[in-house]
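One structure is given below, encoded as structure tokens.
The values are calculated or read from the model by the stated rules, or taken from the named source; none is laboratory data. Since the model is a prediction, treat every value here as computed from it, not as a measurement. Positions of Cβ are generated from backbone atoms using ideal geometry, with glycine treated the same way; all protein chains shown enter the neighbour counts. These area figures cover heavy atoms from the full protein model, side chains too; ligands, DNA and RNA do not enter into them. Shrake-Rupley method; radii C 1.70, N 1.55, O 1.52, S 1.80 Å.
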Amino acid sequence: MKKTLLAIAALTALTSGAAMAQQQDGNWMVRVRAVHLDSANKDSTGLGLSINNKTMPEFDISYFFTPNIAAELILTYPQKHDVRSSALGGKIGTLKHLPPTLLAQYHFTNFGAFKPYVGAGINYTRFSSVDIADGAADVKRNSWGGALQVGFDYALDKNWSINFDVKKLYLKTDVSLSGSKIGTFKVDPVLVGVGVGYRF
């Protein structure tokens, strides 16, 4: 009898805990993630251009219009990369890129504390501090492209959650040499992130 009562009490506690975790019904959510950027490095210039992969911080803010539909704005600060050329034998310069991204999301709400989502939207990237081949080469400063996303939040309580997220950005820029366009460099990165979220 005691074992039965203990089992019922444990089940009640788990159920109430899961119910609390499900009740993340605030309209706003903010997240902080550590994100690893893995560039596709596709190049049509003949120089064999590439940038280095790196891990960087990411901040996002989401607004839930309904329990299922949300918009997410993803931000970071300008990220510096080395630019390399296989044709020229190594590092040929550096640049920075700032890639704010806006996504429309669908959140699945029938999995309890586990809250998967998918998203699609647009990425704008601003290139700055471009220093390639001692100024002989340059890139177009503005880039627009699509963005895809899949991820999940796992609710720890009414407000806090942990997050895992994967994004694919379509990001490219024209490359010029001595003022003439010589091709296109596609970064097209995959970004894998983990972090924490707070909903209110």
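Structural remarks
Residue-by-condition table, conditions (1) more than 30 Å from Gly46 (Cβ to Cβ); (2) touching a residue at least 12 places away in the same chain (Cβ under 8 Å); (3) among the β-branched types (Val, Ile, Thr):
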site: Lys80; (1), (2), (3): no, yes, no
site: Gly89; (1), (2), (3): no, no, no
site: Leu98; (1), (2), (3): no, yes, no
site: Gly112; (1), (2), (3): yes, yes, no
site: Asp153; (1), (2), (3): yes, yes, no
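- Breaking point among (1) over 24 Å from Val83 (Cβ atoms); (2) not in a strand (DSSP E or B), for Asp188: (1)
- Looking only at the range 105-164, and only at residues there that are of a type in the set (Lys, Arg) and over 30 Å from Gly183 (Cα atoms), the one that is modelled with the highest pLDDT: Lys115
- All positions within the range 28-44 that are surrounded by 13 or more Cβ atoms within 10 Å (Cβ to Cβ) and either modelled with pLDDT under 95 or within 30 Å of Asn110 (Cβ to Cβ) (or both): Met29, Val30, Arg31, Val32, Arg33, Val35, Asp43
- Boolean, Gly195 is farther than 22 Å from Lys96 by Cβ and either in contact with a Phe, Trp or Tyr (Cβ under 8 Å, 6 or more places away or on another chain) or free of Cβ contacts under 8 Å to residues at least 24 places away in the same chain (or both): no
- Tallying residues that are open to solvent by less than 70 Å² (accessible area, probe 1.4 Å) and not in a loop (DSSP other than H, G, I, E, B) within the range 134-179 yields 25.
- Boolean, Gly121 is in contact (Cβ under 8 Å) with a residue 24 or more places away in the chain, open to solvent by 20 Å² or more (accessible area, probe 1.4 Å) and not hydrophobic (A, V, I, L, M, F, W, C): yes
- Residue in the range 62-117 that is least open to solvent (accessible area, probe 1.4 Å), counting only those that are touching a Leu at 6+ places or on another chain (Cβ under 6 Å) and outside any strand (DSSP E or B): Pro100
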